1. Return the Cα extents of the chain along principal axes one, two and three, sorted largest first, each rounded to a whole Å.
2. Around Q3, under 10 Å between beta carbons, what's the net of Lys plus Arg minus Asp minus Glu among the other residues?
3. Binning at 10 angstrom from zero up to the longest distance, how are the C-alpha pair distances of segment 1-64 distributed in percent?
4. Kindly identify segment 28-138 as rounded, prolate or oblate by the Cα gyration tensor criterion: order the square roots of the eigenvalues as a ≥ b ≥ c, call it rounded if a/c is under 1.5, otherwise compare a/b with b/c, prolate if a/b is larger, else oblate.
5. So what's the back-of-envelope 222 nm ellipticity for the chain, counting only DSSP H runs of four-plus at -39500 (n - 2.57) apiece and dividing by all residues, rounded to 500?
6. If Rh is defined by the Kirkwood formula over all Cα pairs and Rg also comes from Cα, what ratio Rg/Rh do you get for segment 106-169?
7. Provide the per-residue ³J(HN,Hα) series for segment 51-57, in order, calculated from phi with Karplus coefficients 6.51, -1.76, 1.60 and θ = phi - 60°, each as a whole number of Hz, with x at glycine and proline positions.
8. Please say if segment 93-143 is rounded, prolate or oblate, where rounded means a/c under 1.5 for a ≥ b ≥ c the square roots of the C-alpha gyration tensor eigenvalues, and otherwise the choice is prolate for a/b larger than b/c and oblate otherwise?
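The values are calculated or read from the model by the stated rules, or taken from the named source; none is laboratory data. What you see is a predicted model; the values in this text were computed from it and never measured. Positions of Cβ are backbone-derived with ideal geometry, glycine not excepted, and every protein chain shown enters the neighbour counts. Surface areas here come from the heavy atoms of the whole protein model, side chains and all, with no ligands, DNA or RNA. Shrake-Rupley method; radii C 1.70, N 1.55, O 1.52, S 1.80 Å.
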Amino acid sequence: MKQEVIISNNLQQDIEGAIQRQPHDRLFVLTDTTTLRLCWPLVCSMPCFEGAQMITIGDTDANKTLDSLTYVWTALQQGGATRHSLLVNLGGGMVTDLGGFAASTFKRGIAYINIPTTLLSQVDASVGGKTGINFGGLKNEIGVFNCAASVILSTEFLHSLDHKNLLSGYAEMLKHGLISDEESWAELLRFELDSIEHSTLTIDHLATPKANDNGQSLYRQLGELVAKSVAIKERIVEEDPTEKGLRKALNLGHTAGHALESLALEQGRPVLHGYAVAWGLVCELYLSVVKCNFPMDKLRQTVHFIRKNYGSFAFDCKQYDRLYEFMTHDKKNEGGIINFTLLGGIGDIRINQQATKEDIFEMLDFLREG
Ligand code: GLY
């Protein structure tokens, strides 16, 4: 299940190399409408894409559906794809998840390569072989574990991301720091994330993004943090590819986070996934203090960073029952019991931790009132 993850300093060379290492008869490229406009121009003139057949689906998570999947399967079939064809997924987590699933199931599986274009997909979705679609109102309900042949990561794509989307991905990086080691966590809290927004980035032409010296250096530093973050995820996935145990560490912040994300969606004020994860981390680190003696000062420092960058999620105690209900529906629960991943300290992972309704309401009080 080992997959090749390439931290790219030379996009053309790395993409050409990855495609060459997968002998194929026909090449297909999957994008969504946004990545077709913003990211495809950065790579389309590469000789390796000559003759590639394009497949484009609608953007955003709303299109991670059976209909879009059918559209991709149909495009592969009508484009003459065989078991020896290759699919390149160029996009965020929606494209890499859906494209990975389309490739994994077409003619019982063809090879695919991920080129993730958002920070969130670079540090999380594109790595580790989780593929799938939303179904029956539930996120990622149908899917398989099947790794991409290669995943190519480049900060070049991040220049077209707005600050909110950078923050959304950064929350997963923070999670990786927390489950790994103190130095990684502290480095993430130190990084001047704010300054990326204020660096005078100019995109004169989509194919030649330019930032001033400070901007370039910030993106370079971000690239180094991304590489370290992905290495943490890779280590975990390698040990437990199908989430029987250790991989549950990657769910830190997600039990509460998914509930907040679902509530926000239900109330017609959707939030980006990473924002919900950041607030979920506040909740679950608090629970970690209560149940596993996670150090209070580390909680305070992390909460300060999250409040400063992500603000807070407005809700009141009338919504606690609904949030609790969302948590009971989390597909990671076992035997109807809400299952949290908590920490006894930074890097000290405690999976399968249970909490009472009272604990959970206290945790929500902490999120509201700090
Ligand atoms: N996104 C969590 C995982 O890949 O397991």
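1. Computed over the Cα atoms, the extents are 59, 49, 39 Å.
2. -2
3. The distribution over segment 1-64 is 18, 45, 34, 3, given as percents.
4. The shape class here is rounded.
5. -15000 deg cm²/dmol
6. Checking Rg against Rh, the ratio lands at 1.03.
7. My calculation for segment 51-57 gives x, 5, 9, 8, 10, 10, 10 Hz in order.
8. Oblate, since a/c reaches 1.5 and b/c is not below a/b.
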